[in-house]
Amino acid sequence: MNHNHASVDAPFHEPLHLPQGAIRQAGGSVEWRVWAPKAEQVGLVWEREGRRDMRPMNAEPHGYFSLRESGVAEGARYMYRLGETCDLPDPASRWQPDGVHEASAVFFPEDYPWSDAGWTGVPRDELVVYELHVGTFTPEGTFDAVVPRLGQLKELGVTAGEIMPVGQFPGRRNWGYDGVYPYAVQNSYGGPRALQRLVDAAHHEGMAVLLDVVYNHFGPEGCYLAQFGPYFTDRYHTPWGDAVNFDGPESDPVRRFAVENARMWVRDFHVDGLRLDAVHAIYDFGARHILAELQDGVQEIARRQGRTVHVIAETNQNDVRLIDPPERNGYGLDGMWSDDFHHSVRALLTGNREGYYRDYGRPEHLAKALDRVFVYDGCYSPFRRRRHGSPVRDRDRTKFVVCVHNHDQVGNRALGDRSATYLPEGAQRLACGLLLLSPCVPLLFMGEEYGERRPFPFFCSFIDEDLIEAVRRGRREEFAAMEFEWGEQIPDPQDPATFDSAKLAWQWPEGTFHAKLRRLYADLLAARRRWPGLMDRTRTTARVVRPGADAGHDEVQEPTCSGHGGRLVGVHALACEETIPVTRTLKRELQHAHSPLQRQVRSCTSHDEGPAVLVVERGGERGLVAWANLSDRGTSPPTAVPGGRTCLLSTEAAAYGGARDLRRPVDAVLPFELVVWGETDATGKESIK
């Protein structure tokens, strides 16, 4: 049989989609290339030697235009002229020094003198992620100002900084998700060269840098993509409008635009990973999903550079296809977020049952999140009124990122208020302990490690007055749609004072609660590196015990809520029997964590049931056992002291600001206390440091 593949493939023409932007060539010249199928002609308007020069660009197949010039200096300003008079910045601009509406600038990333030649990255099982917003992390709000704080993050135990989006956005104040130039680094943060310096410095400290990138939408101001080509499609709709065109007619250049952007961050800026924003809003029904194509493109660069690079999806879909390998019909990503852990912890500690929190609030929810990662793994979600998610089963726990705070869960509260302002100190310590007890990858949001009290509200700095008012109105409507009754309390996102209020205090004076909480975070992060039970990510079990709930006998409840035999099991058992209507007249009372009403709402466990204690085992038979009192009342131990084990840590130890004296026997579990039991070494002591 003659297998003549060439003759079979011959009739099929494959378009060539080269990278866009101003790119220096091997001989030193610069080549501009832009995809503009909507334009009959395109010119390069180039500011050269104090004058503006317009040069016609060469038309290429499939809507591309290009031009090559010699003697181009870094920083040279240029725009593209579509037709006769329409001058617009470059959609693939590497630098917008004067803002989103002004000329683009040439940037040569290869000129940076990197000093990280021996850097190979951080393995996934060693990731401790610290999410930060450059504009509010320091008073200066720049990349360079982050560098002096890297040592403190390393000392804390952080191994990877995750930077919120840096693609050029309008003005100087924004979370970053309104970016309109995905290739250009935000000018007010210091621009592209400053980002290279930050990444280089992080690698010198032994820390990785992950970058938050946005491929599900573009911002509403300064986005001129639609004037160049069909970057958007009305076949699907997102919360931001028409979806990005990843699977419609002329979608190949759009896909290449996104994939090349992801590759650029790894190649030109040496970032160690990408956090893909809200991938559930990326629509692609093609045979090969854009996320799989993006992962392949990124990993090709990573292999070339000899580094470990992580591509992690943010999603609320609980869909394991994101991390499953292609041979299992997955996209092959390195990790994904799991919101269920955060929601379970928050609903328990705050009593919040509004919006999607109605799906959480029982101790069994938290037990299942620790035991099986997803609480909703194919079972019925009361909030969604349908089945939701897929089971994790034996998948690697280091492929899931969990948190007790992140920018969304803080900033998408009415006031952007942090838990340090409404949770008692013991509950904050418990949240820390639960997070770092999880076998998944922990993520900290800047400031949580010392109980930052300054808020992180939503802020922006648009120019268009109609857009500003639309954003104000939209925030109120968004909360109403999610059934949160916060609409009238939202700070004005456009007010500079809203942005200024989010600047971190970055203070933990010795002897204060802030210093003691930070010490707890540091000690538990050290324990994750050194205690075999916490280093073992494969064996974790969790159950709920209510000591003395039934005539002196402990009541044990296993996590449920999974589909079985064609029917739902345990859904009603996990629902909160005591429902307290949350109305506007109760809001002020609910904001005070110590109020009787807050304590009543906080726990779905009645006083007749007794306090719920979570019992977690990590690392198998000879591993660690932890007791977590999820109540604001003390209780007797949920089980006998594990044989051969001693108390290794208590979140209520005096060193962390609690009332536990570790020299005395643990004959009761204090309110909000987490106690860790384990075997000691030959010296009789298990060392954290």
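Worth pointing out:
- Restricting attention to region 128-144, the residues that are within 18 Å of Asp200 (Cα to Cα) and either assigned to a loop (DSSP other than H, G, I, E, B) or basic (Lys, Arg) (or both) add up to 1.
- From the options Ala626, Ala573, Ala612, residue that is under 16 Å from Leu349 (Cα atoms) and either open to solvent by 10 Å² or more (accessible area, probe 1.4 Å) or modelled with pLDDT of 95 or more (or both): Ala612
- One residue from Asp125, Asp200 being part of a helix (DSSP H, G or I) and under 18 Å from the mean Cα position of the chain (by Cα): Asp125
- Tally, over region 265-283, of residues that are among the small types (Gly, Ala, Ser) and either within 19 Å of Arg328 (Cα to Cα) or part of a helix (DSSP H, G or I) (or both): 1
- Scan of region 102-118 for residues that are in contact (Cβ under 8 Å) with a residue 60 or more places away in the chain, surrounded by fewer than 22 Cβ atoms within 10 Å (Cβ to Cβ) and of a type in the set (A, V, I, L, M, F, W, C), ordered by number: Phe108, Trp114
- Those residues of region 284-295 which are closer than 18 Å to Gly335 by Cβ and either in contact with a His (Cβ under 6 Å, 6 or more places away or on another chain) or not in a helix (DSSP H, G or I) (or both), in sequence order: His289
- Options Val311, Val375, Val392, Val298; residue that is assigned to a helix (DSSP H, G or I) and open to solvent by less than 10 Å² (accessible area, probe 1.4 Å): Val298
- Here is the figure for region 495-536: residues that are in a loop (DSSP other than H, G, I, E, B), open to solvent by 30 Å² or more (accessible area, probe 1.4 Å) and over 18 Å from Phe137 (Cβ atoms) total 5.
Conditions tested, residue by residue: (1) among the aliphatic types (A, V, I, L, M); (2) surrounded by fewer than 20 Cβ atoms within 10 Å (Cβ to Cβ); (3) modelled with pLDDT of 95 or more.
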| position | (1), (2), (3) |
| --- | --- |
| Gln186 | no, no, yes |
| His204 | no, yes, yes |
| Leu210 | yes, no, yes |
| Gly222 | no, no, yes |
| Thr233 | no, yes, yes |
| His237 | no, yes, no |
| Gly241 | no, yes, no |
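- Residues that are among the aliphatic types (A, V, I, L, M) and open to solvent by 10 Å² or more (accessible area, probe 1.4 Å) within region 438-465 comprise just one, Ile463.
- Single condition Ile301 does not satisfy, out of (1) of a type in the set (A, V, I, L, M); (2) touching a residue at least 60 places away in the same chain (Cβ under 8 Å); (3) over 16 Å from Val214 (Cβ atoms): (2)
- When region 354-372 is limited to residues that are part of a loop (DSSP other than H, G, I, E, B) and surrounded by 22 or more Cβ atoms within 10 Å (Cβ to Cβ), the one that is nearest to the chain's Cα centre (by Cα) turns out to be Tyr360.
- Residues that are modelled with pLDDT of 70 or more, assigned to a loop (DSSP other than H, G, I, E, B) and not hydrophobic (A, V, I, L, M, F, W, C) within region 459-494 comprise Ser461, Asp464, Pro491, Asp492, Pro493, Gln494, listed in sequence order.
- Residue in region 267-279 that is touching a Ser or Thr at 6+ places or on another chain (Cβ under 6 Å), buried (at least 22 other Cβ atoms within 10 Å of the Cβ) and hydrophobic (A, V, I, L, M, F, W, C) present: yes
- Out of Asn216, Asn174, sole residue that is assigned to a loop (DSSP other than H, G, I, E, B), out of contact with any Phe, Trp or Tyr (no Cβ under 6 Å at 6 or more places or on another chain), farther than 24 Å from Ala497 by Cβ and open to solvent by less than 10 Å² (accessible area, probe 1.4 Å): Asn216
- Residue match in region 309-323 (condition: in contact (Cβ under 8 Å) with a residue 60 or more places away in the chain and over 30 Å from Arg413 (Cβ atoms)): yes
- Qualifying residue in region 423-434 (condition: closer than 24 Å to His280 by Cβ, out of contact with any Cys (no Cβ under 7 Å at 6 or more places or on another chain), modelled with pLDDT of 95 or more and hydrophobic (A, V, I, L, M, F, W, C)): no
- Restricting the search to strands (runs of 3 or more DSSP E) fully inside region 1-100 and requiring at least 3 residues that are open to solvent by 40 Å² or more (accessible area, probe 1.4 Å) gives 51-56.
The values are calculated or read from the model by the stated rules, or taken from the named source; none is laboratory data. Predicted, not measured: the structure shown is a model, and the values here were computed from it. For neighbour counting, all protein chains shown are included, and Cβ atoms are generated from backbone atoms with ideal geometry for every residue, glycine included. Ligands, DNA and RNA are excluded from the accessible area calculation, which covers all protein heavy atoms including side chains. Shrake-Rupley method; radii C 1.70, N 1.55, O 1.52, S 1.80 Å.
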